[in-house]
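Read-outs throughout are calculated quantities, based only on the coordinates presented, and are distinct from any laboratory measurement. None of the values given here were measured: they were computed from a predicted structure. Reconstructed Cβ throughout: ideal geometry from the backbone, glycine too, with neighbour counts over all protein chains shown.
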2 protein chains.
Amino acid sequence: MSEADLIAALRSLPLHPAARGLVDDTAVLGDLVLTTDLIVEGIHFLAEDAPEDVAWKLLAVNLSDLAAKGAAPEGVLLGHPLAPDADWDRAFLAGLDAALRHFACPLLGGDTVSVPSGAPRTFALTALGRSARAPARSGARPGDSLWVTGTMGDAGAGLAIARGEAGPATLLARYRRPEPRMAEGATLAPHVHAMMDVSDGLLIDARRMAEASGLAVTVDLATIPLSAGYVAHRGDTRESRLAAATAGDDYELLFALPGDPQPPVPAARVGSFAPGAGLVLTDGGEAVPLPVQLGFQHG
Amino acid sequence: MSEADLIAALRSLPLHPAARGLVDDTAVLGDLVLTTDLIVEGIHFLAEDAPEDVAWKLLAVNLSDLAAKGAAPEGVLLGHPLAPDADWDRAFLAGLDAALRHFACPLLGGDTVSVPSGAPRTFALTALGRSARAPARSGARPGDSLWVTGTMGDAGAGLAIARGEAGPATLLARYRRPEPRMAEGATLAPHVHAMMDVSDGLLIDARRMAEASGLAVTVDLATIPLSAGYVAHRGDTRESRLAAATAGDDYELLFALPGDPQPPVPAARVGSFAPGAGLVLTDGGEAVPLPVQLGFQHG
């Protein structure tokens, strides 16, 4: 069963109104925002990754979903496998301790389970947050501009470096220690028509926002924000911009704002919404073909 | 790292007051009750188990934690692996659909993830409930009686039958389709001093309640409720009573009530609390040695 088939099947189950039709990454129940994510060894992290980094990432990817709803973290529930390697577990928990303190996000509870020997490590995290106004992914309107915080592609380049490519430590750190945009999300939430985090790639996530909103979206490659480190490493070409726009793990915020005003946080305007459907890609205003892969697909 | 070491390490992390020191199976945040459980193929269910039964059990074991807090289900968040076997997934989701409807518990959200080929299936479920008064595990007082709903040992006998032993379908069903005591939990919650579900075995869970309450507990084997089906299958001997008192997966409610009055739901009085520490086992009032294994340990 493909991920799309599975999600379609999940949407046919009895859904809570707070599930928002499973279009969003989070459930919104009154002022509570809830999200759950699994991370699996060999898929979302590498067996040789430092356990402290795995713990950081587990928390950061969940908090990024909260940030996209303007939510402050309330706490997390952890599902933890009992591995035969006690040193790994100790390092993971030390990393989790540091990450929980960094994000001021206490542990609410959890479950520890045995796993068959040789099974890949699988961690589950459920994060709860509070938001006075949680924007949906589906609220973009025709004429809205599409904005993104930070820079794109750094974590994707960092993944290649983690896999052995030569490259700077700053890009590697963007992959290993993503910083979810908690403050920016809280500032943006009352103003945006729609917001989500960029976890799988700018192009695929922009298309998801357009689809959820029943609109077409145009993204201009020339406007995609790149870091100086990324440009020094990969160059500033159409190819490197396409790579940046389709790489995963950025954990920046993607949001729709009406008209032209600058948003209340640093961000780049990368596109616009119009009636219709689908994603149009341009480069300095000139239409360019869509790449085969719009983003990173975990499968 | 043993489960006890891991839980001790988790308790040293920054904890939310709602975590109640991780002594309980649930977090209690205002009127919200939260619990998370992982189930792993080869540990919590068998590869040859029907996917519909796995889905039922995943939901039932989480709802049993809510029942022990007197909580009505609000909804669940599901972490689902993408398996190569689409038929299995379809059957699992059909079973989940039926179980969600049975328990009037809608889906709030979830996450679907790829897993490396050959990895055991791991499902994560987080359940939310609402309870006006969620009793703790730690509230038993000296002089309280210890009560349990239903009958003990049926699911343990059912597990042996699932593994190939000859035996009646009624016991097998108790293992495959546990019925969490939602109504009983809601009725009991305002009256009990302490409550938890029996998931790992009556003796180990009674000792956990005593330990959390800072008390000693005595359990009398002769008073442990057995079903007619269990007695017909295993007999009514000290050995069969010990097996019933140490088998897992019963998902009945264990609770402490002051003095002698009958509880407001059908239940058996199986013991009593006193100042001190530890578990004392008797059989018709005569002290008997504790078995080596007080319950089912997943790891």
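Summary of values
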item: Sequence-distant residues sharing a close amide H with A:S227 (under 5 Å, placed H); result: A:M152
item: Relative contact order for chain B, counting Cα pairs under 8 Å that sit 6 or more residues apart, in percent; result: 23
item: Calculated label separations, B:A183, copies of the chain, 7 Å along the beta-carbon direction, nm; result: 5.5
item: Cβ-defined net charge surrounding B:A267, 14 Å radius [Lys, Arg +1; Asp, Glu -1]; result: -4
item: Residue with peak Gaussian network fluctuation, chain B [Cα springs, cutoff 10 Å], from B:D97, B:D250, B:D197; result: B:D97
item: When the protein assembly as shown is reduced to its Cα atoms, the Kirkwood hydrodynamic radius in Å; result: 25.3
item: Region B:3-130 - Rg (one decimal) and Dmax (whole number), Cα, Å; result: 15.4, 43
item: Residues with amide H under 5 Å from that of B:E74, placed H, sequence gap 5 or more; result: B:L128, B:G129, B:R130
item: Per-copy distances of the B:T237 label point, shortest first, in nm (7 angstrom along Cα→Cβ); result: 8.0
item: Residue of B:V76, B:V148, B:V280 that the Gaussian network model of chain B assigns the largest fluctuation, springs spanning Cα pairs under 10 Å; result: B:V280
item: Whole-Hz couplings from phi, Karplus 6.51/-1.76/1.60, listed for region A:250-265; x for Gly and Pro; result: 6, 6, 8, 9, 10, 8, 10, 10, x, x, 9, x, 5, x, x, 9
item: Stretchable slack from A:A4 to A:L46, in nm (0.36 nm times residue separation minus alpha-carbon distance); result: 12.6 nm
item: Within region A:221-252: backbone nitrogen closer than 18 Å to the A:A166 label point (7 Å, Cα to C-beta); result: A:229-235
item: Per-residue average of Cβ from other chains inside 10 Å of B:81-90; result: 3
item: ³J(HN,Hα) computed for each position of region B:86-103 - Karplus, 6.51 cos²θ - 1.76 cosθ + 1.60, integer Hz, glycine/proline x; result: 5, 4, 4, 4, 4, 5, 4, 5, 5, x, 5, 4, 5, 5, 4, 5, 4, 9
item: Percentage relative contact order, region B:20-66, counting C-alpha pairs under 8 Å, at least six apart; result: 39
item: Using θ = phi - 60° and Karplus 6.51 cos²θ - 1.76 cosθ + 1.60, couplings along region A:229-239 (whole Hz; Gly, Pro as x); result: x, 5, 5, 5, 7, 10, x, 10, 10, 4, 5
item: Estimated FRET transfer efficiency when R0 is 22 angstrom, pair A:R90-B:V23 (beta carbons, to 0.05); result: 0.50
item: Neighbour-count ranking [beta-carbon atoms within 10 angstrom, fewest first] of A:F296, A:F45; result: A:F296, A:F45
item: Relative contact order (%) - criterion: Cα under 8 Å, at least six apart; region: region B:3-130; result: 35
item: Where only C-alpha atoms are counted, convex hull volume of chain B per residue in Å³; result: 139
item: For peptides B:53-61, B:188-196, B:33-41, B:160-168, sequence by mean Cβ density within 10 Å, most packed first; result: B:33-41, B:53-61, B:188-196, B:160-168
item: Inter-copy label distances at A:A169 (7 Å, Cα→Cβ; nm, one decimal); result: 6.6
item: For residues of A:38-47, the mean tally of beta carbons on other chains within 10 Å; result: 4
item: Residues of type aspartates and glutamates that B:K57 reaches as a straight line, Cα spacing below 13 Å, ignoring anything fewer than 8 places off in the same chain; result: B:D37, B:E41, B:D49, B:D65, B:D97, B:E179, B:D249, B:D250
item: Amide H contacts of A:E252 (H built 1.01 Å from N, under 5 Å, at least 5 apart or other chain); result: A:V198
item: Student exercise, region B:1-85 dipole from Lys, Arg, Asp, Glu Cβ charges, in Debye to nearest 20; result: 480
